[in-house]
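Here's the structure we're looking at; comments come further down.
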Amino acid sequence: MRVEIPYGKEKIPVEFPERARVIHPNEVAPQDESKILKEALANPINSKVFADFISGAKNPLFIVNDGTRPTPTAKILAELYPVIKGLKKYKFIIATGVHRAPTEEELQFIFGSHLEEFRPHIHIHDSRKSEEMVGIGRSQAGTEMEVNRLGVEADRIIIIGSVEPHYFGGFTGGRKSFLPGIASYKTISQNHFHALKPEAKALALEGNPVHEDMIDALKTIEDKPIFSIQTVLDGKRRIYGITAGHIHDSFYAAIDKAKEVFCVEVGEKADIVVTVAPYPMDVDLYQSQKALDNAKLALKEGGIMILVSKCRTGIGEPTFFELLSGSETPQGALDRIKEGFKLGYHKAAKMAEIATWAEMWAVTDLNPEDLKKVFITPFDSIPKALDEAIKRKGDDIIVLMDGSITVPIVEEQ
């Protein structure tokens with residue numbers, strides 16, 4: 001059985017055994033993107049329509065996702081453009097969290113045909129620039145809330161995001177644009193420390209300490225008008241669902257649509273799971289880790305997981321690599337985290353946990369020696385990795401074609 005495996009912007013044909021289970025996001029009926037976008041904006045949840053919301057704004061701020069997310073920001077902005085162009089003053093802030101600044105190609109992806117007109121209004125958030133941060137209080141969990149001053153100075157905030165499962169935040173979208181999106185490095189670090197707790201996992205919101213901390217962050221500015229637009233994409237990156245209006249209500253309203261697409265029944269766990277981090281989630285190993293974390297849900301103990309990700313810009317967050325590469329064993333890495341937490345350790349911990357009960361292999365553009373240092377066996381091609389895994393484990397295989405955001409639902413044994 002030939003399967004076209006995404007690798008960067010290319011597709012690589014790979015022969016799999018006939019019994020391999022190739023898992024895509026669930027097939028859903030294609031939508032008229034323009035129609036459902038217009039309907040969402042015309043019928044916002046617990047909010048004025050956008051034109052009325054923005055009317056009279058003196059200093060509105062649009063918070064948009066960075067280039068590591070598939071959010072169709074350009075399509076949303078194209079629809080809002082007739083209103084935006086009439087504003088005397090406005091700003092965009094790219095919610096990078098702790099990610100790097102977007103490339104020119106990614107800026108084009110985010111802003112589309114209006115990039116040059118919008119460019120003078122664009123600010124790229126840098127969580128490490130303390131001079132740009134403003135303290136806004138503490139969360140109930142004790143997180144010191146610091147966010148970019150643009151978010152505090154704005155008289156209206158418009159958030160554009162996308163909702164899909166997230167391996168420790170429960171779901172992306174909504175409140176996540178604010179924290180970690182435009183928060184300080186210190187704040188993000190304190191929030192992500194909670195990712196080490198077992199309650200912080202995909203699909204979980206109630207009792208999830210990371211999610212609850214994010215909700216607390218927004219309570220500190222609850223008197224500020226916020227208009228949120230949340231999209232849900234299907235497996236072909238088309239808009240399947242869209243909600244608008246109140247920051248939390250629009251987020252929760254999008255979750256059922258996200259589950260329809262990304263929660264996929266796969267049957268029993270497999271001995272081998274091939275998990276793909278497709279573009280743009282293949283930006284680096286730090287981001288590609290999400291594909292590993294979802295894949296573990298479908299892998300038998302003692303099995304082999306094969307990550308396929310170009311890792312276009314390298315490893316990513318240095319602390320993540322330093323912890324793993326500086327530990328002799330996966331358990332040693334987990335033990336070191338107990339001595340003191342740094343941002344990036346949460347992802348290192350998730351990978352180290354997998355490495356205590358399964359093998360991680362990978363096909364990437366990274367230096368093979370770097371992969372070995374983080375307990376991953378490197379291969380220079382997908383067929384070679386697959387052939388070796390089959391020799392070791394047989395042909396019981398699950399292939400997650402969109403591993404970064406697909407949550408496999410397995411049969412209870």
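The values are calculated or read from the model by the stated rules, or taken from the named source; none is laboratory data. From a predicted model like this one, the values you see are computed outputs, not experimental measurements. Reconstructed Cβ throughout: ideal geometry from the backbone, glycine too, with neighbour counts over all protein chains shown.
One table, with the values for the structure above:
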quantity	calculated
Filter result for Asp293 (in the same structural domain as Glu79 (by TED's automatic domain parsing), touching a Phe, Trp or Tyr at 6+ places or on another chain (Cβ under 7 Å) and closer than 21 Å to Ile5 by Cα)	no
Inter-residue pairs, beta-carbon under 9 Å, first at positive phi and in segment 99-124, second of a type in the set (Ser, Thr, Tyr), 6+ apart	Gly112/Thr73
Subset of segment 73-83 [touching a residue at least 12 places away in the same chain (Cβ under 8 Å) and either hydrophobic (A, V, I, L, M, F, W, C) or surrounded by fewer than 20 Cβ atoms within 10 Å (Cβ to Cβ) (or both)]	Ala74, Lys75, Ile76, Leu77, Ala78, Glu79, Leu80, Tyr81, Val83
Residue satisfying condition, being of a type in the set (D, E, K, R), more than 26 Å from Cys311 (Cβ to Cβ), free of Cβ contacts under 8 Å to residues at least 40 places away in the same chain and in contact with a strand residue (DSSP E or B) (Cβ under 6 Å, 6 or more places away or on another chain), within set Glu146, Glu132	Glu132
Test: residue in segment 220-233 that is surrounded by fewer than 19 Cβ atoms within 10 Å (Cβ to Cβ), modelled with pLDDT under 95 and within 20 Å of Arg69 (Cβ to Cβ)	no
Matching entry among Ala352, Ala291, Ala298 (being closer than 17 Å to Ala202 by Cα, of a type in the set (A, V, I, L, M), crowded, with 19+ Cβ neighbours inside 10 Å and touching a Pro at 6+ places or on another chain (Cβ under 6 Å))	Ala298
Count - residues of segment 25-58 that are part of a loop (DSSP other than H, G, I, E, B) and touching a Leu at 6+ places or on another chain (Cβ under 9 Å)	3
Candidates Ile221, Ile159, filtered to the one that is among the β-branched types (Val, Ile, Thr) and under 16 Å from Ala95 (Cα atoms)	Ile159
Residue satisfying all of: in segment 106-140; among the small types (Gly, Ala, Ser) and part of a strand (DSSP E or B); farthest from Met281 (Cα to Cα) among these	Gly137
Segment 85-108, subset surrounded by 20 or more Cβ atoms within 10 Å (Cβ to Cβ) and farther than 23 Å from Glu222 by Cα, residue modelled with the highest pLDDT	Pro102
Test: residue in segment 96-105 that is in a strand (DSSP E or B), farther than 16 Å from Ile159 by Cβ and not β-branched (Val, Ile, Thr)	no
In segment 200-250, the residues that are more than 18 Å from the chain's Cα centre (by Cα) and either on the phi > 0 side of the Ramachandran plot or acidic (Asp, Glu) (or both)	Glu206, Gly207, Asp216, Glu222, Asp223, Gly245, Asp249
Sole residue being at negative phi, among the polar types (S, T, N, Q) and in contact with a Leu (Cβ under 6 Å, 6 or more places away or on another chain), chosen from Thr275, Thr329	Thr275
Any hit, segment 53-72, residues being assigned by TED's automatic domain parsing to the domain that holds Ser184, of a type in the set (A, V, I, L, M) and without any contact (Cβ under 8 Å) to a residue 60 or more places away in the chain	no
Yes/no for Phe50 being touching a residue at least 12 places away in the same chain (Cβ under 8 Å), outside the structural domain of Met281 (by TED's automatic domain parsing) and either farther than 30 Å from Lys391 by Cα or buried (at least 20 other Cβ atoms within 10 Å of the Cβ) (or both)	yes
